[in-house]
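For reference, the structure discussed in these notes is given below.
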């Protein structure tokens, strides 16, 4: 079944994960889109980007049992039309995730774990971030750092934040699931966040709310 997760979390958030198994037409048939949303969909030129876009709407409809419309501000941050919920979205390979809250700001990121993370670690790991020396866990640990920083970047509205230098994850030993702490520090903020993480198949997922 494509719906892999629909969890009502203790913090009051709702987390959904969808496995994309349908083609474009099957996904389109499962959602009711406004004229504005259809115009946005038609402007997406890459077929798989359209499938990703639709999978988010199908997932949102499935977990809320309602027809909520997603729009984006100038920083490409998603929001629910009418302001009924805060929302964060992430997708990688065949999975799509949504984190919702009626009261709290939210951030989520999921990533498929690959060797490529080893080549780009210098783009997001700063001198304060500590990565395990266990070679069997390095890839997973790096992906958790990446996802954590993405989640914090999103919850902070993607504004005036240097992804590498302004976001630091406190030292932790990676497990299948757990809680970690991260800091966003720049000229406009000095704020600590608690984040939750877990693995699902070959994917790492990190989410936070505040």
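Between the labelled values [x] 156; [y] 132; [z] 114, the entry that holds volume of the Cα convex hull per residue in Å³ as derived from this structure is [y].
Working from label points 7 Å from Cα in the Cα-to-Cβ sense, the residue 136 to residue 45 distance is 4.6 nm. For the stretch 13-65, the Kirkwood radius over C-alpha pairs fed into Stokes-Einstein at 37 °C and 0.692 mPa s yields D = 284 µm² per second.
In plain terms, the chain from residue 171 to residue 191 could stretch by 5.5 nm, reckoned as 0.36 nm per residue minus the Cα-Cα distance. Relative to the longest principal axis of the Cα atoms of the chain, helix 47-64 runs at roughly 90 degrees. With the biggest extent put first, the Cα atoms of the stretch 109-209 measure 38, 26, 20 Å across the principal axes. With a Förster radius of 41 Å applied to the beta-carbon distance between residue 102 and residue 23, the computed FRET efficiency rounds to 0.80. Classification of the stretch 1-105 by its C-alpha gyration tensor yields an oblate form. The axis ratio a/c (a ≥ b ≥ c) is 1.5 or more, and b/c is at least a/b.
Our helix-only sum for the chain, with -39,500 (n - 2.57) per DSSP H run of n ≥ 4 divided by its residues, gives a mean residue ellipticity at 222 nm of -7500 deg cm²/dmol. Mean separation of Cα pairs under 8 Å and 6 or more residues apart, divided by the residue count, gives the chain a relative contact order of 17 percent. Compared with the dominant principal axis of the Cα atoms in the chain, helix 138-155 is inclined by about 60°.
With the highest mean first, a sort of the peptides 33-43, 19-29 on other beta-carbon atoms found within 10 angstrom per residue produces 19-29, 33-43.
For the stretch 96-129, the residues whose backbone nitrogen is under 18 Å from a point 7 Å from the Cα of residue 164, taken along Cα to Cβ, are 116-129. At R0 = 45 Å, how high is the FRET efficiency between residue 121 and residue 61 if r is their beta carbon distance? Nearest 0.05 is fine. E between residue 121 and residue 61, to the nearest 0.05, is 0.75.
Relative to one another, the C-alpha centroids of the stretch 195-210 and the stretch 1-34 are positioned 17 Å apart.
Model label points for residue 33 and residue 181, set 7 angstrom from Cα along the Cα-to-Cβ axis, are 4.4 nm apart.
Computed over the chain with a Gaussian network model linking Cα atoms closer than 10 Å, the most mobile of 119, 164, 149 is 119.
No value in this document is a laboratory result; all are computed from the given coordinates. Everything numeric in this text was worked out from a predicted model, so none of it was measured. So basically every Cβ, Gly included, is an ideal-geometry build from the backbone, and we count neighbours across all protein chains shown.
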